[in-house]
Amino acid sequence: MKTVFRKIFFSLASTSFLVLLIMSCAQVGSLSGGPKDKKPPVVIEMIPPNYSTHFTGRKFEIKFNEFVKLDKINEQLLVSPPIKEFPDFKLKGKTLVVKFKEDLKPNTTYTVFFGDAVKDITEGNPIHNFTYIFSTGDYVDSLSMFGNVVFAEDLIPMGNVEVMLYRDNNDTIKLDSMPLEIPPYYVTRTDKKGDYFMTGIADDKYLVFALKDKNNNYFFDQPTEEIAFLDTLYHPVYIEKPSIDTSYSDTTSLKNDSLVLNIPAQDSLSLKDSTVAALQDSLTSDSLFKEQYKQVNLRMFVQEDTVLRLEEAELIRLNTIRFVFSLPADSVKINLEHKPAGEKWYAEEWSKNKDTLTWYLHEKEITIDTFNILLKYKGDTLDYIYIPVKPKEKRVPGRRKKNDDIKKIRYLDFVSNMKGNLKPDMIPYIIFNQPVSVINFDSVVFIAGEDTVYSPEYKFTDSLKRKLILPYKIEPGLSYLFYLPDSAVMDWNGYYNKSSVLKFSSKELKDYGTLTFNVNPEDTSHYILQFLNAKEKVLAQKHFTHDTSFTFNYIDPGKYLFKIILDENNNGKWDTGNYFKKRQPEKVTYYNKLLQVRANWEIEESWIFDKNDQNPPPIKRKPRKD
């Protein structure tokens, strides 16, 4: 009886356990599938093997340990030397088949760079900088080159840039002209950090040229394309193969001096190709590696514009025409057909750089609706344009309203810095939109503090009488009010100002910080020191040639940077490069500290630097936009 009872008990217990197990599996909730897969696909086999010689036919196959997909292969694939037609790609199970559409050159090493296009089909993990190399000859070229590309003016890394090599083997095209006329012999692409690596290069000297290729044709054929070049011909290096225990697995960590980059077919190392790529990435960023094998760093720039063009010409507001040129254009002759009879029908104003010209029109002298203008430069026609003189009236479609025929009242407008907080070293000003004819200073009211009325000697700083300054020293800790009554100012067209009240204040001195900055160049030269906020906006700029100390007063609490420009031509600004004149862009470097300025604090910093330094700022920055 006990035996029967024991059997029944165990039978019921087993049934209950199964029911509970099924119920727990049926409950609604998130399934735990373990940690997310972050591993890229692994190459199982390549046919022919990577680094093969005597490659024949037009295709090769790559087998992976899992299903893969190709992501933006048309954008990422690079073949060196370049081929005329894009290859065909087919995925068969876990195998990628690549087929060329043309015959390959004899006795040539080819590098097929997939970038990050090969990804696993589930999580999208890429094989970074995946590369397949083969030779149609007796040996695989084994030299290499690596480095980094930044934008010269701010040292921001440049991703998605083609780094190209050219051989001096063309009888009709000069080596310096090749980037403009023929595809490169070798090419690779930078990653988002600006790093690049190129291998399988033949023993020769090369012209090095980098291009942000806007039209994807491997030619420098657009003036706005960003470029970089090396001053001298470059000979790639041979990176010595390590001695590696082939019994190590894929996950074995290797020492920094163990390097796998070029593995000829005759070498019997068993490391898988994806592991080689990963190892290559880690070691090319290692400081010991960079010290042993000198990297080739390039500084990109937009070629300086040498062609004078009219870029913009329009009526920007009533009685105001603006001409914008690509270069300083104060020698351009501007001829107006059907010129107004009066002598003073306009007044002109050039920008500081002489690349922008503004015409202020004397309305009473203008009797036509459109200007026909011929622009000539050095005797040749630069442009011929039509500019409407009267602004278009905006009308709402539909039934006319009673006040549509009433002439709109126009006023003299202005801009001013009298708002928010002004610092003690700032001068209040107003800039009117048109030349001023009459101003009644007696009606203007300027109040400091609660009730102190001042009458500063207002004065214009320009010949057209547009910029009016208030030569008054701002006192800390006070509020200010500037009252400009209606019709106190009249421009030369008879338009008056509206009544305006401008309010601003000045903080107490204890609310500011003071920063003394000492610069100590190792070489005497012309330098520019820029004082920047954390967003790299230039707040102040100083010039120096030798050891100098600068003091910056009235600094708002916050974080700040310093930047130095090697001003080689001593023109007071950063200059871009010129490939045709073989002139590199001017060098820049940043101080290695992000300085914290606090209220009521005085700090002092010193910077000893070399004129060839090129150190990025100590802040995180977004990559440059394509």
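Worth pointing out:
- Residue among LYS333, LYS376, LYS344, LYS392 that is surrounded by fewer than 13 Cβ atoms within 10 Å (Cβ to Cβ) and modelled with pLDDT of 90 or more: LYS333
- Residues that are crowded, with 23+ Cβ neighbours inside 10 Å and over 19 Å from LYS563 (Cβ atoms) within the range 148-161 comprise VAL149, VAL161, listed in sequence order.
- Taken over the range 426-438, the criterion of being within 14 Å of THR461 (Cβ to Cβ) and of a type outside the set (Ser, Thr, Tyr) is satisfied by ILE427, PRO428, ILE430, ILE431, PHE432, PRO435, VAL436.
- Selection status of PHE209, touching a residue at least 40 places away in the same chain (Cβ under 8 Å), surrounded by fewer than 23 Cβ atoms within 10 Å (Cβ to Cβ) and closer than 22 Å to ASP575 by Cβ: no
- Candidate set: the range 473-486, residues that are in contact with a Pro (Cβ under 8 Å, 6 or more places away or on another chain) and surrounded by fewer than 16 Cβ atoms within 10 Å (Cβ to Cβ); chosen: the one farthest from PHE441 (Cα to Cα): PRO476
- Of residues in the range 435-444 being of a type in the set (A, V, I, L, M, F, W, C) and surrounded by 14 or more Cβ atoms within 10 Å (Cβ to Cβ), the one farthest from TYR472 (Cα to Cα): VAL436
- Residues satisfying the stated conditions in the range 284-303, i.e. among the charged types (D, E, K, R) and either modelled with pLDDT of 85 or more or open to solvent by 80 Å² or more (accessible area, probe 1.4 Å) (or both): GLU291, LYS294, ARG299
- Every residue from the range 212-244 that is under 14 Å from GLY577 (Cα atoms), surrounded by fewer than 16 Cβ atoms within 10 Å (Cβ to Cβ) and not acidic (Asp, Glu): PRO223, THR224
- Within the range 571-621, the set of residues being at positive phi and open to solvent by less than 80 Å² (accessible area, probe 1.4 Å) comprises GLY572 only.
- Among residues of the range 495-504, those that are in contact (Cβ under 8 Å) with a residue 40 or more places away in the chain and either open to solvent by less than 20 Å² (accessible area, probe 1.4 Å) or part of a loop (DSSP other than H, G, I, E, B) (or both), counted: 4
- Any hit, the range 455-466, residues being in a strand (DSSP E or B), open to solvent by less than 30 Å² (accessible area, probe 1.4 Å) and out of contact with any Phe, Trp or Tyr (no Cβ under 8 Å at 6 or more places or on another chain): no
- Filter result for VAL140 (crowded, with 17+ Cβ neighbours inside 10 Å and in a loop (DSSP other than H, G, I, E, B)): yes
- Answer residue from the range 358-375, given it is touching an Asp or Glu at 6+ places or on another chain (Cβ under 6 Å) and not polar (S, T, N, Q) and is nearest to GLY572 (Cα to Cα) among those: TRP359
- The residues on offer are LYS339, LYS354, and the sole one that is touching a Pro at 6+ places or on another chain (Cβ under 9 Å), under 17 Å from LYS376 (Cα atoms) and part of a loop (DSSP other than H, G, I, E, B) is LYS354.
- Selection from the range 35-56 of residues that are surrounded by fewer than 16 Cβ atoms within 10 Å (Cβ to Cβ) and of a type outside the set (A, V, I, L, M, F, W, C): PRO35, LYS36, ASP37, LYS38, LYS39, GLU45, PRO49, HIS54, THR56
The values are calculated or read from the model by the stated rules, or taken from the named source; none is laboratory data. What you are looking at is a predicted structure, and each value in this text was computed from that prediction instead of being measured. Virtual Cβ from ideal backbone geometry, glycine too; neighbours counted across all protein chains shown. Each accessible area value is taken on the protein alone, full model and side chains, heavy atoms only, with ligands, DNA and RNA left out. Shrake-Rupley method; radii C 1.70, N 1.55, O 1.52, S 1.80 Å.
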